[in-house]
């Protein structure tokens, strides 16, 4: 089975073993901008990746926040050994319960993350996804979507503070800095990284008090590993959460 996450910055492909759908066989990630530009080298790599894993026919499910990419991926899938290709936006049962009005605007990546987290923990859970944007999505014990937050991602903050000023440098997000140090580079990293972790912990604390619940925190997304060492509360780190969510949603709708 193939699960596909088309994000604003990167697009990832994960093959699960059909007889053991909790086992990841292969994973590749490419820049979404290169796919959008249909760069020959990137498209060839993707096609080769699909062919390598298509000795037998497989099913595929896509989560996408970049609709213009969808048809390019589907076009490649049409040329390999696929049984069916499903877009998450067209699936009826998404494991969790989301208000009808919210369904129209919430990103499919967040839906898949919440489905994956709730399927694993079966209790109130908050998913912090550190991608192009940093999002927090909360599901209660009954599997209902009850709250969320969206803020600029780590790299977006670093880029904005550089582009919006005359002298502040463009800083790379990494752990190599001393919080509260006085040099400019460390000050920028401190503001961005501790500002992000502080916002997450404040949001979760407030929603726990408002909803009278205890949340399991799950970290995922490209910057999750970087941020994790600065989170003070307990958490689980799951870089493949969205793919697990897509797998569970597909199974719920088509394998029963």
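The values are calculated or read from the model by the stated rules, or taken from the named source; none is laboratory data. Values in this document were obtained by computation on a predicted structure and should not be read as measured data. Every residue, glycine as well, gets a Cβ built from its backbone with ideal geometry; the counts of neighbours run over all protein chains shown.
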Can you tell me how many residues within the range 103-118 are out of contact with any helix residue (DSSP H, G or I) (no Cβ under 8 Å at 6 or more places or on another chain) and at pLDDT 95 or above? 2
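Return the residue satisfying two criteria in turn: it lies in the range 139-150 and is more than 14 Å from the chain's Cα centre (by Cα) and part of a strand (DSSP E or B), and of such residues it is farthest from residue 195 (Cα to Cα).
Step one: of the range 139-150, the residues more than 14 Å from the chain's Cα centre (by Cα) are 139-149.
Among the residues that remain, those that are also part of a strand (DSSP E or B) are: 139, 144-149.
Numbers: 139: 24, 144: 28, 145: 25, 146: 24, 147: 20, 148: 17, 149: 14 Å.
The selected residue is 144.
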Condition check: modelled with pLDDT under 85 and not assigned by TED's automatic domain parsing to the domain that holds residue 236. Does residue 59 satisfy that? no
Residue check, residue 217 against (1) modelled with pLDDT under 95; (2) surrounded by 18 or more Cβ atoms within 10 Å (Cβ to Cβ); (3) touching a strand residue (DSSP E or B) at 6+ places or on another chain (Cβ under 7 Å), all met but one. Which one? (1)
Failed item, numbered, when residue 124 is tested on (1) exposed (fewer than 15 other Cβ atoms within 10 Å of the Cβ); (2) at pLDDT 95 or above: (1)
For the range 83-107 the number of residues that are without any contact (Cβ under 8 Å) to a residue 40 or more places away in the chain, surrounded by 12 or more Cβ atoms within 10 Å (Cβ to Cβ) and in contact with a strand residue (DSSP E or B) (Cβ under 7 Å, 6 or more places away or on another chain) is 2
Is one or more of the residues making up the range 232-240 under 15 Å from the mean Cα position of the chain (by Cα) and modelled with pLDDT under 95? yes
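Condition test on residue 25, is it in contact with a helix residue (DSSP H, G or I) (Cβ under 8 Å, 6 or more places away or on another chain) and more than 25 Å from residue 145 (Cα to Cα)?
Values: in contact with a helix residue (DSSP H, G or I) (Cβ under 8 Å, 6 or more places away or on another chain): no; more than 25 Å from residue 145 (Cα to Cα): yes.
Considered against the rule, which asks whether it is in contact with a helix residue (DSSP H, G or I) (Cβ under 8 Å, 6 or more places away or on another chain) and more than 25 Å from residue 145 (Cα to Cα), residue 25 comes out as no.
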Given the range 163-256, what helices (runs of 4 or more DSSP H) lie entirely inside it while holding 1 or more residues that are free of Cβ contacts under 8 Å to residues at least 60 places away in the same chain? 184-189, 195-211, 224-228
Of (1) more than 21 Å from the chain's Cα centre (by Cα); (2) modelled with pLDDT of 85 or more, residue 73 satisfies every one except (1)
